[in-house]
1. Suppose we filter 117, 162 for residues that are in the same structural domain as residue 179 (by TED's automatic domain parsing), modelled with pLDDT of 85 or more and exposed (fewer than 14 other Cβ atoms within 10 Å of the Cβ); which single one remains?
2. Can you name the condition, by its number, that residue 30 falls short on among (1) under 24 Å from the mean Cα position of the chain (by Cα); (2) without any contact (Cβ under 8 Å) to a residue 40 or more places away in the chain; (3) within 28 Å of residue 133 (Cα to Cα)?
3. In segment 28-53, which residues are assigned to a helix (DSSP H, G or I) and surrounded by 14 or more Cβ atoms within 10 Å (Cβ to Cβ)?
4. For segment 60-70, does any single residue satisfy the condition of being modelled with pLDDT of 90 or more, touching a helix residue (DSSP H, G or I) at 6+ places or on another chain (Cβ under 9 Å) and more than 30 Å from residue 22 (Cβ to Cβ)?
5. For segment 1-20, what are the residues that are in a helix (DSSP H, G or I) and more than 21 Å from the chain's Cα centre (by Cα)?
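The values are calculated or read from the model by the stated rules, or taken from the named source; none is laboratory data. On a predicted model such as this, the values are computed, not experimentally measured, just so you know. So basically every Cβ, Gly included, is an ideal-geometry build from the backbone, and we count neighbours across all protein chains shown.
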C-alpha cells in the first residue's frame with residue numbers, strides 16, 4: 001500500500017486528515033461505550049471483525065495446489081478447478097474453528113497459522129490504538145493532566161530510607177557485606193547536610 005504525496009505539505013495535509021478521522025472514530029466509541037475500562041466483549045469482537053475485513057482487503061487470498069499428502073504449492077486460482085488444493089484466504093484462516101485448525105496436517109496448519117496470527121495481530125494493534133485514542137478523548141474532556149513527577153529531593157529521601165531498611169534486613173540475614181544500619185543512618189544524615197551546604 002504505497003501512497004504518493006506531491007510534497008511534504010501534501011503529506012502534512014493528508015496526515016492531519018488521517019488524525020482528524022481517527023478522532024472521529026474514537027469519539028464514536030466514547031459515545032457508545034459508557035465505561036472504556038470495561039468495554040463489552042461483543043463490542044470488541046464487532047470492532048475487530050471490521051479490522052479483519054480491512055486486513056482481508058489488503059491481503060488477497062493465496063491459492064495452493066496439493067502436491068503430495070501434506071505439501072502445497074502456490075498457484076493461480078484457475079489451476080485449482082480440477083485438482084486438490086485450497087484457497088488460503090483471511091476469511092478461511094480466521095474463521096476456522098479451533099478443533100478443525102488443530103486437526104490440520106503440519107504444512108497446511110503452518111500456512112493457515114501465519115495468516116491467522118498476522119490478522120489477529122493487525123486487529124489487536126488497531127484495537128489498542130482505537131481504545132487509547134478514545135481514552136485520550138475522555139481524559140481531555142475531563143481536564144485530566146498527567147501528575148507531576150516526584151521531585152529529586154523526594155526520590156533521594158525515599159532511596160536513602162530504603163537503603164537503611166535494606167541494611168537492617170541484610171544484617172538480620174547475616175550478610176557479611178552489610179553495613180551497620182545505625183552507622184549508615186549517620187552517614188546518610190552527613191550526606192544530606194553536605195548537600196544543603
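1. That would be 162, the only listed residue that is in the same structural domain as residue 179 (by TED's automatic domain parsing), modelled with pLDDT of 85 or more and exposed (fewer than 14 other Cβ atoms within 10 Å of the Cβ).
2. Of the numbered conditions (1) under 24 Å from the mean Cα position of the chain (by Cα); (2) without any contact (Cβ under 8 Å) to a residue 40 or more places away in the chain; (3) within 28 Å of residue 133 (Cα to Cα), the odd one out for residue 30 is (2).
3. 29, 30, 36, 44, 47, 48, 51, 52
4. Within segment 60-70, not a single residue is modelled with pLDDT of 90 or more, touching a helix residue (DSSP H, G or I) at 6+ places or on another chain (Cβ under 9 Å) and more than 30 Å from residue 22 (Cβ to Cβ).
5. 8, 9, 10, 11, 12, 13, 14, 15, 16, 17, 20
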